[in-house]
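Report on the structure given below.
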Amino acid sequence: MNHWEVVIGIETHAQLATRSKIFSGSPTAFGAEPNVQANAIDIALPGVLPVLNKGAVECAIRFGLAVGAEIAPRSVFARKNYFYPDLPKGYQISQYELPVVVGGQVVIQVGEAVKTVHLTRAHLEEDAGKSLHEAVGQPFRGKSGIDLNRAGTPLLEIVTEPDMRSAAEAVAYARALHTLVRWIGICDGNMQEGSFRCDANVSVRPVGQANFGTRREIKNLNSFRFMQQAIDYEVQWQIATLEDGGCIEQATVLFDPETGETRAMRSKEDAHDYRYFPDPDLLPLVIDRPWIERVQGELPELPTAKRERLTADYGLSAYDALLLTASAELAAYYEASVGAAGRSNAKACANWMMVDLAARLNRENREITDAPVSARQLGGMVARIADGTISTTIARKIFDALWNGEGDSADEIIDKQGLRQITDSGALESLIDTLLAANANMVAEFRAGKEKAFNALVGQVMKASKGKANPQQVNELLRKKLG
Amino acid sequence: MIERSLHELARALASKEISSVELTQLYLDRIASHDPQLNAYISVDPERSLAQARQADARLAKGEGGPLTGIPIAQKDIFCAKDWLTSCGSKMLSNFISPYDATVIRRFAEAGAVLLGKTNMDEFAMGSSNETSFYGPVRNPWRLDCVPGGSSGGSAAAVAARLCPAATGTDTGGSIRQPAALCNLTGLKPTYGVVSRWGMIAFASSLDQAGPLARSATDCAALLNAMAGFDERDSTSLDRPGEDYARDIAAPAGAKPLAGLRIGLPKEFFGEGCRPEVMRLIDAAIAGYRELGATTVAVDLPNMKLSVAAYYVIASAEASSNLARFDGVRYGYRAPEYRDLNEMYGRSRAQGFGAEVKRRILVGTYVLSHGYYDAYYLQAQRIRRLIAGDFAEAFRHCDVILGPTSPTTAFRLGEKASDPVQMYLSDIYTIAVNLAGLPGMSIPCGFADGLPVGLQLIGDYFTEARLLNVAHRYQHANPWHRQAPTGFV
Amino acid sequence: MSLTLEQVRRVAHLARIEISDVEAGHTLDRLNEIFSLIEEMQAVDTQGIEPMAHAQDLAQRLREDCPLESGRLAMRDVFQAIAPETEAGLYLVPKVIE
């Protein structure tokens, strides 16, 4: 596939983390009984009217500022007209010609390469309800059941330029965006519950061709793995089709995780004609400078800025910085641990987080936010390794003890369990002498040239000290004595 | 009792001359005996109304009554009223018992008014004759083989025949003013945004506005005082300080009460198209205004001739979208037989909507569809701005604009029913006011061949109090509005 | 201009209004009459005129993000009492095909 270029643009629907819906006062909590979170507005009774939720607008402003976009001083809500049972009004309130966020960019990293993905726009709209085709235990006799709890939940639809050139780039973008929306607190990012859904517009063209090929839109990708698989499949299908002399028809397709294939939707029947027009029930959304400035002032340090600071100030590699800024919570944990350990131990804190802590969290299926070892505890422990109070081996024991709640700090556990490293030469020497006397055969082996015997002797000393001897010192003293 | 003004009724209730229950029963009895001739009401519910009347009496007994407490008011069936059938004149909603109250209904209830019944109307307020109602046409009390006008035809017929003291209407292109004219009533369409649209079933959201239909300007002022006010549930509701719309009427006045008032006469209102017998009475009314001290000035509304075209594009476009929610899924009519989802939609809507509603949905769908949006919808919105600009310019030279409300008196049932374009043209003088969002009134100004003629008064934004006063002073000197149709007394 | 029968059918389909062939022909005549009325607009030069979508030139008012305690079973029962077909709290429709 060397002579084909892949072109991908992504549309993401991020459910905004507001407490109430975008045009009604219904709560937005997930998982309620069917239709109990659907009020008169959500079920579109005759005569009801929408009023815009300020919180949703504020989320859009936060996002726009976070991606360096223009916040439109005046934007317009439009009706997108189509019939579908989960769309109670027969139209979706969205933004069309004048969206609230214009432009902006997201920087992504694939391997060593850094790339900028440009955003076209981001606009506010309402989510639809859900059609349940075959709910468990409720066959509905060939019917669909409609639940409107989700109808009216605020969405920010974020649209990119066709800037991505591989599935890997598309996934990197989706991940970066996923990090960002959670980072700035506008979306919980829960992909299983559908809070963050991506559609990928995929086309291919011969390298060097200026025009884009015909694209197909893969709908509702709700995991990064599926996104990778779906795009990979779609790309090879499009190339195979073209190389067989076929042509691509514009279509909306679904990814089937069972087969790993994409297939065109059956219901496309008539080419949609959404008949957009400005919603007469809603006036233009006006956002003034003071509001934008206030939101700007409330924005946290953004992932890119934080990454730059971590590499510059803490000497982290770009890769480490990327991993530690995967979420605001992770970054906060990291910075708090460095605060406790001291800046000179920043690299060690990063290693502990990415190796021991990450493994343990992963094993117990926990999030960083409910890690039993706090950032202060981890940082305190790292500081004790650095000042020679404990060895790395002992540190692992202390980490376990902290994890199990056996003490409030590394210091407390060190004291309580007597884990302080033995660095006193006199004490170490007498320990070594005792062991040498008891292991004359090993000494003989070593003298006969067996290097392995030396390591065995070090092991004996460490064991006798219950791991508390400073291994470096033991090495040196042993060499001298056997010298 | 049935000729008394709302003011006089309030006094009679306060002085215990009559109770609210008695007054309500009186009107329920009149409805029972006279409405079969007119078909002005879609539903009456004596138990419910009398229960409200008893509450009003309790309130009056405690001396807590307001100007409308205990007075029965008829409500156009476009307003959702909790536990009442709210049909909007359509088969589509012929089984719709509303689970909630419109703001207008709530405000009347809070004022202590009694909901006397829901009045007939053109289906979804689309019509100028009340012939498109699923519940059958309404007859004009002044001549039973004529239409009462529309779309608030049931309200107009009910007030004219004294089957209620006063009623509400809604006006998208003339639906309060035209039936007022055809039934010898006073009707006011307020500035867009003055009365909340919450719970008022939408026809064309950017044009719809509710208002009073009553016998006099004084009664209209009393009703508007109850109806108007900011409502946070309607994004287009205007957040303005409350006002007493009767204040100008109440102000003392001398022999020339309208001295200094400049009345604009647009030549577009006085050209051909208006029947001469109507025009004669309009001219007489202008003379009457001069006697009250007003002066007249010629003004120009050069784009008014385009208002019908622009209106039918904008109103139909909005309606096509507003009526998409009637899909047989969550409430309303669902066709009995269908094989799949699209057939359920297609049949429920084909059977649930009447011919005129379907025509407008199709027109609206077409003008919004791909390739036609710019030529029709945007062009109509640009013309809308030109029309609003015409009024702004005219109001630099005058305080109110005067002209006929309707080019004809009440026409015969069936006369225009099969000719939509002729029907649309009967709103030629009223539509521009909705496009601009201005307040407009119709008041009685005499009779031609025994049928009432209406005079239209148009004010600048938020000048309802002045407009009502301008109407009131004329009515005080020329009491055409006191004439009642025979056969209903 | 005048519409074609095919356009009438397409628009009726977009609006989900079932229409028979006889009705379509009749509707076509009526719509053409209406459009002949509307056409007079086309001659007007409106270049540079800003389309007017609302009667008042105002900005959208915003609601504070406070959920109302409306999400309760009792409310659903009230709403579904007037629904054509429901089961287990869901509105039922003929099977939706993706």
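The values are calculated or read from the model by the stated rules, or taken from the named source; none is laboratory data. As the structure is a computational prediction, the values presented were derived from the model and not from experiment. Positions of Cβ are backbone-derived with ideal geometry, glycine not excepted, and every protein chain shown enters the neighbour counts.
Some points to look at:
- Taken over the range B:262-284, the criterion of being in contact with a Cys (Cβ under 8 Å, 6 or more places away or on another chain) and more than 20 Å from B:L438 (Cβ to Cβ) is satisfied by B:L281, B:A284.
- Residue list for the range B:432-458, filter: within 14 Å of chain C (Cβ to nearest Cβ), outside any loop (DSSP other than H, G, I, E, B) and either closer than 15 Å to B:G273 by Cα or not hydrophobic (A, V, I, L, M, F, W, C) (or both): B:N434, B:G440
- Scanning the range A:438-451 for residues that are outside any helix (DSSP H, G or I), of a type in the set (G, A, S) and at negative phi yields a single hit, A:A448.
- Qualifying residue in the range A:254-276 (condition: crowded, with 20+ Cβ neighbours inside 10 Å, closer than 17 Å to A:N201 by Cβ and free of Cβ contacts under 8 Å to residues at least 40 places away in the same chain): yes
- Enumeration of residues in the range A:256-290 that are more than 14 Å from chain B (Cβ to nearest Cβ) and at pLDDT below 95: A:D256, A:P257, A:E258, A:T259, A:G260, A:E261, A:T262, A:R263, A:A264, A:M265
- Residues that are buried (at least 18 other Cβ atoms within 10 Å of the Cβ), within 14 Å of chain C (Cβ to nearest Cβ), at pLDDT 95 or above and not in a loop (DSSP other than H, G, I, E, B) do occur in the range A:149-160, at least one of them.
- If the condition is being facing chain C (nearest Cβ under 7 Å) and touching a residue at least 24 places away in the same chain (Cβ under 8 Å), then the range B:377-395 contributes B:Q379, B:A380, B:Q381, B:I383, B:R384, B:L386, B:A388.
- Just one of the listed residues (B:G149, B:G66, B:G127, B:G136) is closer than 19 Å to B:T24 by Cβ, of a type outside the set (A, V, I, L, M) and either in contact with a strand residue (DSSP E or B) (Cβ under 7 Å, 6 or more places away or on another chain) or more than 14 Å from chain A (Cβ to nearest Cβ) (or both), namely B:G66.
- Annotation: of all residues in the range B:363-376 being of a type in the set (A, V, I, L, M, F, W, C) and buried (at least 23 other Cβ atoms within 10 Å of the Cβ), the one that is farthest from the other protein chains (Cβ to nearest Cβ) is B:V367.
- Residues of the range A:119-148 that are at pLDDT 95 or above and not in a strand (DSSP E or B): A:D127, A:A128, A:G129, A:L148.
- All conditions in (1) buried (at least 24 other Cβ atoms within 10 Å of the Cβ); (2) free of Cβ contacts under 8 Å to residues at least 12 places away in the same chain hold for B:K358, with the sole exception of (1).
- Just one residue in the set C:A53, C:A12 is at pLDDT 90 or above, touching a strand residue (DSSP E or B) at 6+ places or on another chain (Cβ under 7 Å) and among the aliphatic types (A, V, I, L, M); that residue is C:A53.
- Residues of the range B:85-109 that turn out to be farther than 14 Å from C:V78 by Cβ and aromatic (F, W, Y), as a count: 1
- Whichever residue in the range B:26-53 is crowded, with 16+ Cβ neighbours inside 10 Å and of a type in the set (D, E) and, among such residues, is nearest to the chain's Cα centre (by Cα): B:D35
- Residue selected from the range B:68-92 under the condition in a loop (DSSP other than H, G, I, E, B) and among the polar types (S, T, N, Q), by the criterion nearest to B:S5 (Cα to Cα): B:T69
- The set of residues from the range B:93-110 being within 14 Å of chain C (Cβ to nearest Cβ) and in a helix (DSSP H, G or I) comprises just one member, B:L93.
- One residue from B:E337, B:E356 being among the charged types (D, E, K, R), outside any helix (DSSP H, G or I) and more than 8 Å from chain C (Cβ to nearest Cβ): B:E337
- Which numbered condition A:Q37 fails, given (1) at pLDDT 95 or above; (2) of a type outside the set (A, V, I, L, M); (3) surrounded by 22 or more Cβ atoms within 10 Å (Cβ to Cβ); (4) under 25 Å from A:R182 (Cα atoms): (1)
- Test: residue in the range C:30-37 that is assigned to a loop (DSSP other than H, G, I, E, B), on the phi < 0 side of the Ramachandran plot and surrounded by fewer than 19 Cβ atoms within 10 Å (Cβ to Cβ): no
- All conditions but one from (1) in contact (Cβ under 8 Å) with a residue 60 or more places away in the chain; (2) exposed (fewer than 14 other Cβ atoms within 10 Å of the Cβ) apply to A:K468; the one that does not is (2).
- Checking each residue in the range B:440-487 for being within 30 Å of B:D29 (Cα to Cα), aromatic (F, W, Y) and buried (at least 17 other Cβ atoms within 10 Å of the Cβ) picks out only B:W480.
- Whichever residue in the range C:28-41 is more than 7 Å from chain B (Cβ to nearest Cβ) and not acidic (D, E) and, among such residues, is farthest from the chain's Cα centre (by Cα): C:S36
- Matching residues, the range B:196-250, being farther than 16 Å from A:G47 by Cα and within 14 Å of chain A (Cβ to nearest Cβ): B:F230, B:L238, B:D239
- Strands (runs of 3 or more DSSP E) contained in the range A:61-112 and holding at least 3 residues within 19 Å of A:E126 (Cα to Cα) and of a type in the set (G, A, S): none
- Filter result (assigned to a helix (DSSP H, G or I) and surrounded by 12 or more Cβ atoms within 10 Å (Cβ to Cβ)) within the range A:421-437: A:S425, A:A427, A:L428, A:E429, A:L431, A:I432, A:D433, A:T434, A:L435, A:L436
- Options B:A253, B:A226, B:A259; residue that is in contact (Cβ under 8 Å) with a residue 60 or more places away in the chain, among the aliphatic types (A, V, I, L, M) and assigned to a loop (DSSP other than H, G, I, E, B): B:A253
- Residue count for the range C:50-68 under the criterion of being over 24 Å from B:V195 (Cα atoms) and facing chain B (nearest Cβ under 7 Å): the result is 2.
- Candidates C:Q47, C:Q80, filtered to the one that is within 25 Å of the chain's Cα centre (by Cα), facing chain B (nearest Cβ under 10 Å) and of a type in the set (S, T, N, Q): C:Q80
- Only one of the listed residues (A:G459, A:G405, A:G418, A:G388) is over 25 Å from A:A348 (Cα atoms) and surrounded by fewer than 16 Cβ atoms within 10 Å (Cβ to Cβ). That residue is A:G459.
- C:R16 being at positive phi, surrounded by 14 or more Cβ atoms within 10 Å (Cβ to Cβ) and under 23 Å from the mean Cα position of the chain (by Cα): yes
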